[in-house]
Every structure is written in C-alpha cells, then in structure tokens.
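Encoded as structure tokens, the structure appears first; notes follow it.
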There are 2 protein chains.
Amino acid sequence: MGNRNGEDIGQLLDDAEKHFLAHISLDCVVFGWHANELKILLLKMKNLDRLALPGGFVMHQETMEEAAIRTLRERTGLENIFLQQFQVFSDPLRSDPENRAKDLEKMGVNRKRAAWFRQRFISLGFYSLVDFSKVDPRPDIFSDACSWYNLGDRGTMVLDHDHILQTALGVLRTQLNHQPIGYNLLPRKFTLPELQKLYETILDRKLDRRNFQRKVFSYGILRSLDEKRTGVAHKAPYLYSFDLRQYQKALKLGLQGGW
Amino acid sequence: MGNRNGEDIGQLLDDAEKHFLAHISLDCVVFGWHANELKILLLKMKNLDRLALPGGFVMHQETMEEAAIRTLRERTGLENIFLQQFQVFSDPLRSDPENRAKDLEKMGVNRKRAAWFRQRFISLGFYSLVDFSKVDPRPDIFSDACSWYNLGDRGTMVLDHDHILQTALGVLRTQLNHQPIGYNLLPRKFTLPELQKLYETILDRKLDRRNFQRKVFSYGILRSLDEKRTGVAHKAPYLYSFDLRQYQKALKLGLQGGW
C-alpha cells in the first residue's frame, strides 16, 4: 500500500483555496472486523489529546466518492476500499472556528492554512467494513498514529466525529437486516457459528442460534459444501460458502425485498 | 399555505454570494399519492421547455434540512413537509456552466446573478411522499407553473434532475420493503385492498393478494376494527387502522429488523 508523500499533503493544504472546493468536507468511518473483534480506524492528531476520523476535502474535478478514496489513501495508506456515502452532517455549530484554528496551530499547521480551516464545512460521511488483519494503516504528516481502536475504549474525538461514528454504526447495523454481509470478511469456507459470530459482534448482542440459522437459510445466499471443518475435537461443524450470484442479488434488492 | 414574496426571492438571489454557501445546493423530490395515482412535483421554468425539481441553496446559519424546508416553501408554497435526505450528487459534469448561464438569461435572471450560478454545485437530494390532494403548490418568480406530473409522461428535465428523480424513486421503493408506509396517505380507516393499491402504485406492479396480506399482518402494524366499509353493494370489506405505536416502532427499527 502506498501513501502520498507527507510533504505533498502539506503543500496541497497550503494551497487549499486553490485545490479544494470551499465549505465541503468528507469523513470516513472505516470499521474493521477480524476474529470476532469490531474496531474503528482513527488518527491520533499531533500534539492533541483527541482522535479523528480520516477526513478531507474535495478537488475541483473530483466526485465525492473519488475524494473519499483519495483522502483515505493520503491519510491512512488504505487503498481499494469500497466506501459508501451514508449521511450529510450540516449543523452550523459542528465546528467552532476558533477552537479549530487553535488546534491546528498546536499541530504545527501554519497560519495561512489554518485560516482556510476556519470556514464552515458541511461534511459527507462515508463508511466501510474491512478485514483489519489485511490492511496496514499508516499515519499522515498531521498524525502521530493511525490505528485500530476498540469501539468501547477509544477516547475523546474532535468536532462531531463521535456523532458521525455512532450514526455510521447505526447504519451498519441496519444494513445487517437488509443486506447480506460477510463476503471479504469470512474465509471462503466458513461454519454457521462463525457467520453468527460476525453478526453478533457487529450487533453487540447474542442471537438465538435457531432463529439465526432459519433466517440466513431463508435468504438463499448460503451454499452447503457437504464438507466438515477438520482438526476439531468432536462434532465437527459443516462448512458453507456464499452463493455469490444470490449474494449479489440480495445486496442489490435487499434481503427481504420481495412483496 | 404561505409563499415568500417573489421579489424577496429575487433579491435573495441577487445577493446570492452574500446569503448562500458556495458550491452546495439541494434538490427536493416530492412524490404525491392520492386515489392510486403517484405523481411528482415539478416546476415549469420560465421560457424554458424543461422541468425542474424544486431546488435551492444553503444560508450561512442553516442546516441542510432547514434549507430544504425553506427552499420548498419559497419555490412551491408547500409547508410542514417532512423531507428525508437520501443521496449526494457530485458528478463535476452534472451541470454545464455555460448552458446553465444561458438558461438563466432566457429566464430573465440578471447577469450578476447568473454568474454565481456558473460555479460547480454538489447537490444533496431530499425526498418526501405526501397526499397531493391536500397541498396547494404555487410557482415562484422563476417558474410559469408548479404542478403534479405523472411519472410516465413528465417531459425533459434540466441538469441531472431526471437521474435524481429516478434515484429517489428507487429509495422510495426500497423503503417500502423495510419501513411501513401509508400513515398520512390513507384515510384513518382503510381496507386491505386500499392498502395494497398504495403499495402497487408505488412499486408499479401487481402484488399477490395473499402474500401481501400475510406479510403486512406479520409486521403487527395493523389494527382490525371489527367494522365494515358501508355503502358497498356486496361482500363489504373489513376496515383497519394503523396501530400507531407499532407503526412508529417499525419506522424506527425497520420492518423485519429483528434477528
């Protein structure tokens, strides 16, 4: 995974007025799942005690989606991540211009650049769910660290980023009810308890085994492999894989969309 | 329903740079349903052969939601409409600045005002579903007419408004699968065939009566009234009303959200 050279980002922001549209920003909420842990990708800002979602601005010839992908690459090193827009955050008080300028000065951002940050920004939130064991986040020049945090103990966040994160989590949980999930997160062959664990981790509660199985089977997205997990002491569980054709159809239509 | 004085809107736009944030716009897709017809609220632009969604801009101290409500009031006279944001449209080519300026001049918009419109706008789409027999749309100073059009024969639209409308329609249809619909559209007491007709009109296809009834009953949002429609020749159908408590719960959680 590549990262844009830190000095380039600095240069870009020094000329922010020239490169970016005024008033519009974006923030990326990247959830990471692996081995039944759900985490969130955050930046530890330089000289600040607060964390931030990787966020950025929009160049004159970019769509919001292109800007989000570029921002995530520049600020965290993550590439080829599918990002989905979910909500616009537009409270005029979401950022206090004076506090923001002070924070930026603490972080070593020069005065000219800090001035541009004082304007009001309306931010579009994007979210994504990736396997955190497969990506290698790296901080940009404004951050001391870029790492995966547990949802439960992540510390204070800048601006309204905590609200953006909570909203994204709600959207992800709702998505579980209407779209299949798990492809690219589970191994190609998985057991039903493994799939259930994925759902339980995201929903943060236990599910009834029988209800869960009845429901996922009713979607028609699972293929039974007539093959068992080997190397297990007793009662080896059967393996399944996703029926990709049905999975994609369900993604498009919503799991229970048929009237 | 009141409408802002036309000259006020003109004045507002003459000083657009002072009043509005640059680069950000919004467009309202207002669907109207009544007696099994689904319509869309559009403006017929002055001296143009094309129709437009009611759209506008954001004042410095407004949220996007507040701006959408004000815009709809100013441009169509509609008040107290619940608008839901659904997607940001950000293709840099969604508007050709030269064409836009020419159109505005044809509509009698002065040169100073037209210049401001040449900039790139990223637009947030809002949608709503109302009973079109209960509202009284009125055009603003830029429009010859503001009226309800059939979805099937509505003529050419400006910019990417056709794409925004189609996207909103997809969102409305998806919403049918995951949220209850009908409150504020149907009379307080209604029959199951009336409810089914509402769904069929929005989905634009026939539904199987038995499947439909099984499904809506399973949501627990209907209250059987033990009362029949009077004045019907034979086989008078039973009346139902929405169980508002269950309806609101389903609105919040999604109809089949439980795992």
Ascending count of other beta-carbon atoms within 10 Å, so fewest first, for B:Val135, B:Val171: B:Val171, B:Val135
The protein assembly as shown - charge dipole about Cα centre, Lys and Arg +1 at Cβ, Asp and Glu -1, debye rounded to 20: 2060 debye
Magnitude of the charge dipole, chain B, Cβ model with Lys/Arg +1 and Asp/Glu -1, debye to 20: 1040 debye
Selected from B:Leu165, B:Leu72, B:Leu21 as most flexible by GNM, with chain B as the system and alpha-carbon contacts under 10 Å: B:Leu21
Relative counts (whole %) of C-alpha pair distances in the stretch A:190-253, using bins that are 10 Å wide: 19, 48, 30, 3, 0
Within straight-line cross-link reach of B:Lys215, aspartates and glutamates at Cα separation under 16 Å, skipping those fewer than 8 residues along the same chain: B:Glu194, B:Glu200, B:Asp243
Pairwise label distance in nanometres, B:Glu17 with B:Thr174, each label 7 Å out on the Cα-Cβ vector: 4.0 nm
For the stretch B:16-151: span of alpha carbons on each principal axis (Å, largest first): 44, 32, 24
Calculated FRET value between A:His234 and B:Gln246, using beta carbons and R₀ = 51 Å, to 0.05: 0.70
Dipole of the protein assembly as shown, positive direction: furthest Cα of B:Leu159, A:Gln175, A:Ser241, with charges on the beta-carbon: A:Ser241
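What fraction of the DSSP beta bridges in chain B is antiparallel, stated in percent and rounded to the nearest 5? Intermediate values should be presented prior to the final figure.
On the way: 27 of 38 bridges.
About 70 percent, rounded to the nearest 5.
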Over chain A, relative contact order from alpha-carbon pairs under 8 Å, at least 6 apart, %: 22 percent
Nearest 10 degrees, 0 to 90: helix B:244-253 Cα axis against chain B principal axis: 60 degrees
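Past 29 Å, Cα to Cα: identify those pairs from B:Lys228/B:Lys252; B:Lys18/B:Lys39; A:Lys18/A:Lys46; A:Lys18/A:Lys44; A:Lys252/B:Lys197; B:Lys134/B:Lys206, in the order given. Provide the component values of the computation, followed by the final result.
Details: B:Lys228/B:Lys252 31 Å; B:Lys18/B:Lys39 36 Å; A:Lys18/A:Lys46 25 Å; A:Lys18/A:Lys44 27 Å; A:Lys252/B:Lys197 25 Å; B:Lys134/B:Lys206 26 Å.
Pairs exceeding the cut-off: B:Lys228/B:Lys252; B:Lys18/B:Lys39.
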Ranked B:Thr76, B:Thr63, B:Thr230, criterion: other C-beta atoms within 10 Å, fewest first: B:Thr230, B:Thr63, B:Thr76
Helix axis angle, B:97-106 relative to chain B longest principal axis, alpha carbon, degrees: 90 degrees
Across the identical copies, how the A:Arg138 labels are spaced - nm, sorted shortest first, 7 Å along Cα→Cβ: 6.2
Test item: Cα-centred dipole of the stretch A:195-259, Lys/Arg +1 and Asp/Glu -1 on Cβ, debye: 100 debye
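Could you tell me which trypsin sites (Lys or Arg not before Pro) in the stretch B:150-222 are loop residues by DSSP with no more than 15 other beta carbons within 10 angstrom of their beta carbon?
B:Arg154, B:Arg188, B:Lys189, B:Arg205, B:Lys206
Values in this text are rule-based calculations from the coordinates and carry no lab data. All values derive from a computational prediction rather than experimental measurement. Here Cβ is always computed from backbone atoms with ideal geometry, including for glycine, and neighbour counts include all displayed protein chains.
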